[in-house]
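To start, the structure itself, in structure tokens.
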Amino acid sequence: MRLLLLASLRAQTGNATTAARIQSHLHAAGHICVLRDAFMYESPTEIANLTSTDKFDAALAIHLYKAGRLLQGSRIPFGIIFGGTDVNEDVKCEEKHRVMGAVLGEARFAVAFTVKMKELAAAEWPDARKKIYVQTQGIKTTPSETFDWYRFLQNADIPPDTASLHVFLLICGLRRVKDPLYLVEVFSDWHRRDPSVHLCIIGPAVDPLFTSEVKEKVKRAPGVHLLQEMPQDDLHAAMKRCFAVVNSSISEGMSAAILEAMDLDIPVLARNIPGNAAIINHKETGLLFSNPQEHKIEVGM
């Protein structure tokens, strides 16, 4: 079968990572899966022309609005994979809600990463409940064997000779829904009292305006460092060397960074939101926090 997979393919983002894994799985199953960046297209007509010209048999879209809207009126069958912000955030916009409902009505099936995500979607579009299936993400980590941890510290302006470093990684695309500034002040305050503590925010500048805001805030926060996105293998190697991986998102579908940290046996500290609570049992498989101060207390313990 020849499949079209539409998603946001910005490098080193969760959707791009998920799309690549799905493509790899479909290839292994004997299908042809072609990835296309949803942001390269503006209308369903463009996708209709693409599916006709390239003779696709079916399509998949990651994110009900960003990618799914391009499949409205599709002449080939398609399925939807919820991204997270579609169900958690985009439903608040009346026009997006209308479009997503229409897309879900046409879809043969939809996949939610968690039961909670399915319930949220079913509450918005009750008629679609029976076509929504829960399938958790599968992940695979591939840490680079040639990764230079000391160069990483140097690039982050962290003195590599600091005794007993405690480096925390917050991995996310720089956009408001990921809320990377949520813990900046508490980490900077912690660093002032204990210079071994550092927070490294790593990820692509998805929202240029917000990225400027992050840069300005980090400049004034000792112990907090902003780094550009890294190749996946190097990122996994950095995770292996860090003290813990942090997630402070306002909403998540299912965080690939959290799953990868777990696979690497690295402690996880995450904001207590449905997407994170679905994969973390508090004080068993990670720590959940509801405010920055609580986060500091938990780590201290």
Taking the stretch 125-150 and keeping only residues that are surrounded by 15 or more Cβ atoms within 10 Å (Cβ to Cβ) and either in contact (Cβ under 8 Å) with a residue 24 or more places away in the chain or in a loop (DSSP other than H, G, I, E, B) (or both), one is left with 125, 128, 131, 137, 139, 141, 143, 144, 147, 149
Could you tell me which residue of the stretch 226-275 is nearest to residue 153 (Cα to Cα), considering only residues that are surrounded by fewer than 24 Cβ atoms within 10 Å (Cβ to Cβ) and among the hydroxyl-bearing types (Ser, Thr, Tyr)? 248
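Could you tell me how many of the residues in the stretch 190-206 are within 27 Å of residue 141 (Cβ to Cβ) and not in a strand (DSSP E or B)?
5
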Failed item in (1) modelled with pLDDT under 90; (2) over 23 Å from residue 116 (Cβ atoms); (3) aliphatic (A, V, I, L, M), with residue 227 passing the rest: (1)
Within the stretch 40-68, track down each residue that is touching a strand residue (DSSP E or B) at 6+ places or on another chain (Cβ under 9 Å) and assigned to a loop (DSSP other than H, G, I, E, B). 41, 54, 55, 56, 57, 63, 64, 66, 67
Take the stretch 147-182 and flag every residue that is among the small types (Gly, Ala, Ser) and farther than 22 Å from residue 85 by Cα. 156, 163, 164
Go through (1) free of Cβ contacts under 8 Å to residues at least 60 places away in the same chain; (2) closer than 19 Å to residue 247 by Cα; (3) among the hydrophobic types (A, V, I, L, M, F, W, C) one by one and return the number of the condition residue 153 breaks. (2)
Contact list, first residue from the stretch 282-301 and modelled with pLDDT under 60, second anywhere and of a type in the set (A, V, I, L, M), beta-carbon distance below 6 Å, six or more apart or interchain, is 298/287
Going through the stretch 136-184 one residue at a time, which ones are basic (Lys, Arg) and at pLDDT 90 or above? 151, 175, 176, 178
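The values are calculated or read from the model by the stated rules, or taken from the named source; none is laboratory data. Note that the structure is predicted; figures quoted are calculated from it, not measured. Heads up, the Cβs are rebuilt from the backbone with ideal geometry, glycines too, and the neighbour counts pull from every protein chain shown.
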